């Protein structure tokens, strides 16, 4: 939309007319002078050098008469002028003073031409304030950038479109027919202005983090799954079978470094249950209790608290833990030529010694002792 620049004399005339109407309520004055500067600017553009401004006193009286308002009273209401109106007058006065300087007038005109950018920025800031309360962002991004990218998806596109429309209409002076809505517009604009620096900093940080993650090939796209997982699915328990296909009631597992191989995450606390499953539905694995030692999370199958019996009382829940049933009674035995004929030798001094214990039968709850633990 093309607008005609407002001349300095027109601004001064409008301010003088407003001064002659200062005995009226502020909202009535705003209604009477709504669009005055724009109308006079259009008339001046059409008339050219022959345009002359009317007398401000006479013009103010004509406005009163046309609106059916009484003549100006002898007492001015300036002492009861609202703070917002006083600030507006101060702003107009400053504007008039600044425009007396060519450089100042150029700066103000440039700033005025950038107002549509502020309307858009105001909508974006408001969107980023509201969006986190309505839906979550994209998993592969963090911070405001995730919600900003979500603006191209439904319902983000609906919210962003609505905020843009309202912000632009407010910037054009539309959709604010009364003082209440004008106050709301002012309050929202002030909040958006205060949040703009923080929003821009957060957006830059979010963009930098996303680019850094992508450039360093960090798998932020895949949600983190604690402990042992297969194809993104958390492993709750492990069941071992020997070469003949028979279930092994208790087996200790270690990784290539000799560290216990567990299904729980590294940050698993001192609690004696798998916090990933605790309270989340389904059986809850618990470790084997080693007398005089740490809880053994690498002895499988782990005991489990049955599904639906978790009461959020740790001691009572642990008392319900029981040995689990194997998924199969037997599995296919391995061919004889694939099974090692002997156990690989180990350096007892470097690797420690193992004292074998009797193998418990299937369904029996094994109770490891401190002698069964490998001494590194």
**Report entry** Length added when fully stretched, residue 209-residue 72, from 0.36 nm per residue minus Cα-Cα
**Finding:** 43.0 nm
Report summary line: Quick calc, residue 129 & residue 338: beta-carbon distance into FRET formula, R0 51 Å, rounding 0.05, result 0.20
Report task. State the extension gain, in nm to one decimal, for the chain segment bounded by residue 325 and residue 89, taking 0.36 nm per residue of separation less the distance between their alpha-carbons. Result -> 76.7 nm
Query raised in the report: In nm, to one decimal, how far is the modelled label at residue 108 from the one at residue 184, with both set 7 Å along Cα→Cβ?
Result: 3.1
Report task. Quote to one decimal, in nm, the extra length available between residue 34 and residue 316 on full extension: 0.36 nm per residue of separation minus the C-alpha distance between them. Result -> 94.1 nm
Requested in this report: Round to the nearest 0.05 the FRET efficiency obtained for residue 118 and residue 256 when R0 = 51 Å and r is the Cβ-Cβ distance.
Outcome: 0.25
Query raised in the report: With no solvent and one point per C-alpha, what does the Debye sum give as log10 I(q)/I(0) for segment 284-332 at q = 0.13, 0.17, 0.28 Å⁻¹?
Result: -0.37, -0.58, -1.08
**Report entry** Cβ-derived FRET efficiency at R0 25 Å, residue 242 paired with residue 295, nearest 0.05
**Finding:** 0.45
**Report entry** Rounded, prolate or oblate (a/c below 1.5 giving rounded, otherwise prolate when a/b exceeds b/c) for segment 152-207 by Cα gyration tensor
**Finding:** oblate
Query - Cα gyration tensor category, rounded, prolate or oblate, for segment 8-113 with a/c compared to 1.5 - result: oblate
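The numbers here are math on the coordinates, done by the rules we state, and not lab data. None of these values were measured; they are calculated from a predicted model. Cβ: placed from backbone, ideal geometry, glycine included. Neighbour counts: every protein chain shown.
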